[in-house]
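To start, the structure under review is shown below, and the notes come after it.
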């Protein structure tokens with residue numbers, strides 16, 4: 001095999017900077033999964049939080065994810081590696097206060113809420129920087145492979161971290177368990193600091209306010225037909241899924257009689273499907289095309305809800321639901337990896353952070369509204385009908401994608417070097 005042939009077949013793993021990023025993402029996700037078990041256990045079991053306080057903790061933890069435009073603007077304005085390191089250290093510092101306060105008997109639910117806000121803000125800033133940095137770490141033809149590896153590593157790390165969190169909470173208690181998450185952020189900061197890749201210098205531009213940078217980013221996304229369509233499809237799909245997810249677990253556990261262990265098995269089987277989808281996404285896209293891969297992933301989602309709506313309380317149906325969830329998450333991650341790579345390839349480097357934060361804001365911002373919508377629908381209808389409406393809403397993004405040029409895309413286009421409108425130009 002010639003040197004040229006070997007270079008052509010090189011994957012993202014061949015880039016040392018990408019390996020550091022992948023390791024950093026896996027470490028932080030594993031640690032954060034521990035906290036997803038430890039923090040609720042700490043609030044409910046040790047602090048005896050009321051239902052209102054538990055809801056406040058959950059809401060404040062998710063709030064930064066619904067308002068991420070500022071993070072994207074900062075990511076595009078400043079070097080990304082220092083932002084990732086600062087976010088990791090801020091998260092670690094916030095987490096360390098929990099066992100310290102617990103040790104002296106001063107821990108309160110409101111301190112947990114404050115830590116949740118810091119963690120959420122650190123996460124959105126870190127994610128905006130990391131996702132927008134990725135195209136600079138790998139060659140354009142390695143971008144899909146890089147996203148696939150990140151997606152698979154995320155799924156495995158999340159599952160492993162959740163299991164480790166359950167063990168740690170039982171062994172050392174929830175307050176001390178969060179030290180594992182704090183340590184993961186410190187390790188991540190060290191890994192990111194070892195990256196040795198220069199960030200591309202941006203063209204000199206007039207200094208503008210953060211609000212102006214955000215507005216420029218929103219206008220840029222609005223002027224990119226493919227990026228705009230994908231983000232619109234993602235936000236509508238997120239809304240439909242969130243309507244269903246509001247009562248999905250309740251429906252399985254209460255109406256279909258699934259026990260907690262069976263529920264865990266169903267989720268575990270589905271997670272395995274997600275890992276497979278992430279790993280195989282580049283091969284699927286190479287076989288059927290990047291556009292069809294994205295569209296099939298969206299189309300499978302409403303179809304996969306049909307067994308749930310028809311299911312009854314039996315082992316046979318539980319097996320069917322587990323298999324269906326695995327298929328759904330397989331295509332969801334394959335499609336998600338593909339559409340993320342497509343957006344990154346089409347987006348100008350100067351707008352990568354703001355493009356991603358616009359997507360996150362719309363998709364995450366749709367979930368609280370969807371939960372409220374689901375609550376209102378249940379008052380008028382019943383749980384099964386509410387789930388059916390959520391499934392029906394998931395047809396809308398398929399129509400958006402089929403009506404766009406995405407359906408004809410077979411490969412990921414080359415990255416656009418110049419945005420269609422100059423930054424700071426009037427709309």
- Item | Selected residue (only one of 379, 369 is more than 24 Å from residue 303 (Cα to Cα) and at pLDDT below 90) | 379
- Being under 23 Å from residue 156 (Cβ atoms), modelled with pLDDT of 85 or more and in contact with a helix residue (DSSP H, G or I) (Cβ under 8 Å, 6 or more places away or on another chain) narrows 24, 75 down to just 24
- Task: Quick one: in the stretch 390-400, of everything that is over 21 Å from the mean Cα position of the chain (by Cα) and either without any contact (Cβ under 8 Å) to a residue 60 or more places away in the chain or not in a helix (DSSP H, G or I) (or both), which residue is farthest from residue 244 (Cα to Cα)?
- Result: 399
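One line per residue, one yes/no per condition, for (1) in contact with a helix residue (DSSP H, G or I) (Cβ under 8 Å, 6 or more places away or on another chain); (2) free of Cβ contacts under 8 Å to residues at least 60 places away in the same chain; (3) under 13 Å from residue 30 (Cβ atoms):
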residue	(1), (2), (3)
142	yes, no, no
159	yes, no, yes
169	yes, no, no
172	no, yes, no
177	yes, no, yes
181	yes, no, yes
- Looking across the stretch 42-52 at residues that are modelled with pLDDT of 75 or more and surrounded by fewer than 18 Cβ atoms within 10 Å (Cβ to Cβ), the single one that is nearest to the chain's Cα centre (by Cα) is 44
- When the stretch 275-290 is checked residue by residue, the ones that are over 21 Å from residue 153 (Cβ atoms) and under 21 Å from the mean Cα position of the chain (by Cα) are 290
- Query: Looking at this structure, is residue 212 over 26 Å from the mean Cα position of the chain (by Cα), surrounded by fewer than 15 Cβ atoms within 10 Å (Cβ to Cβ) and at pLDDT 90 or above?
  - Reply: yes
- Exclusive hit being more than 19 Å from residue 22 (Cα to Cα) and touching a residue at least 60 places away in the same chain (Cβ under 8 Å), set 102, 94, 114, 106: 102
- Message: Within the stretch 340-361, does at least one residue satisfy the condition of being out of contact with any helix residue (DSSP H, G or I) (no Cβ under 8 Å at 6 or more places or on another chain) and either modelled with pLDDT of 95 or more or farther than 26 Å from residue 286 by Cα (or both)?
- Response: no
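The values are calculated or read from the model by the stated rules, or taken from the named source; none is laboratory data. Remember, predicted model here, so these are calculated numbers, not experimental data. Neighbour counts run over all protein chains shown; Cβ positions are idealised from the backbone, glycine included.
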